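The values are calculated or read from the model by the stated rules, or taken from the named source; none is laboratory data. Here the structure is a predicted model, which means the values were calculated and not measured. In this analysis, Cβ positions are derived from the backbone assuming ideal geometry, glycine residues included, and neighbour counts consider all displayed protein chains. What goes into the accessible areas is simple: the full protein's heavy atoms, side chains included, and nothing from ligands, DNA or RNA. Shrake-Rupley method; radii C 1.70, N 1.55, O 1.52, S 1.80 Å.
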Amino acid sequence: MTVITKKIKLSTKGDTDIIDITWQVAAVLSKTDLSNGIVTVFVKGSTGGLTTVEYEPGLVQDIKAFFEKIAPKSGLYEHNVRWHDGNGYAHVRASFLGPSISVPFIKNQMELGTWQQIIFIDFDNRPRSRELIVQIMGE
Ligand code: ZN
């Protein structure tokens, strides 16, 4: 088994910015000679998260609306009381979603559905430079 670690750099707008990173992950995988295994993408930072979705403008809006419902930006957060950085909602949303995703691959192709894209969501309340860790384990 081989382990390969790469990074994807992103500039985000923050404020629940939803970014399709499928092609970037596929590009990292395609540069390896691994046939079968699993690719994990992880965000270093506690205000970002990863999942999959059918990436189209309607669902991008629906996901933003969903997070606004479960952790409203204008809510009262103890984190903001303690740290005064105003991004308590971003931390709660990120913890709920989780900081990583793993996708199996076969014959160097990720096993994603046709309408299933990998997305990174930046919940922070300001634009950020992000470094996603892409770790590929396979043979
Ligand atoms: Zn904070």
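Counting only protein heavy atoms and using a 1.4 Å probe, the accessible area of M137 comes to about 70 Å². In square angstrom, rounded to the nearest 10, how much accessible surface does H84 have for a 1.4 Å probe? In the full protein context, H84 sits at about 150 Å².
Less than 5 angstrom separates the built amide H of N125 from those of D15, all sequence-distant by 5 or more or on a different chain. Computed extension length for W23-V3: 5.2 nm, one decimal, from 0.36 nm per residue of separation with the Cα-Cα distance subtracted.
For segment 36-107, a crude dipole built from +1 on the beta carbon of Lys and Arg and -1 on the beta carbon of Asp and Glu, taken about the Cα centre, is about 180 debye to the nearest 20. Close amide H contacts of L34 (hydrogens built in the peptide plane, cut-off under 5 Å, sequence separation of 5 or more or a different chain): none are found. Taking every protein chain into account, the 1.4 Å probe leaves K9 with about 150 Å² of accessible area, to the nearest ten. Note on exposure: L10, L112 ranked by accessible area (1.4 Å probe, complete protein assembly) read L112, L10, with the most exposed listed first.
Charge dipole of segment 1-138 (Cα centre as origin; +1 on each Lys and Arg Cβ, -1 on each Asp and Glu Cβ, all else neutral): 380 debye, rounded to the nearest 20. Per residue, the solvent-accessible area of the chain (1.4 Å probe, heavy atoms of protein chains only, all protein chains present) comes to 56 Å².
Between the residues L34, G86, Q109, the greatest Cα displacement towards the positive end of the dipole of the chain, with unit charges on the Cβ of Lys, Arg, Asp and Glu, is found for G86. Surface composition of the chain: carbon plus sulfur atoms contribute 55% of the solvent-accessible area (1.4 Å probe, protein chains only, all chains present). In straight-distance terms, cross-link reach from K64 covers every one of the lysines whose alpha-carbon lies under 25 Å from its own, apart from those fewer than eight places away in the same chain; here that gives K9, K13, K44, K73. One chain, two ends: E78 and Q135. Fully extended at 0.36 nm per residue, the span grows by 17.1 nm beyond their Cα-Cα distance. Computed from backbone phi with θ = phi - 60° and the Karplus coefficients 6.51, -1.76 and 1.60, the 3J(HN,Hα) list for segment 134-139 is 10, 10, 10, 10, x, 8 Hz; x is used for glycine and proline. Modelled label positions at A65 and K44, each set 7 Å beyond Cα in the direction of Cβ, lie 3.7 nm from each other.
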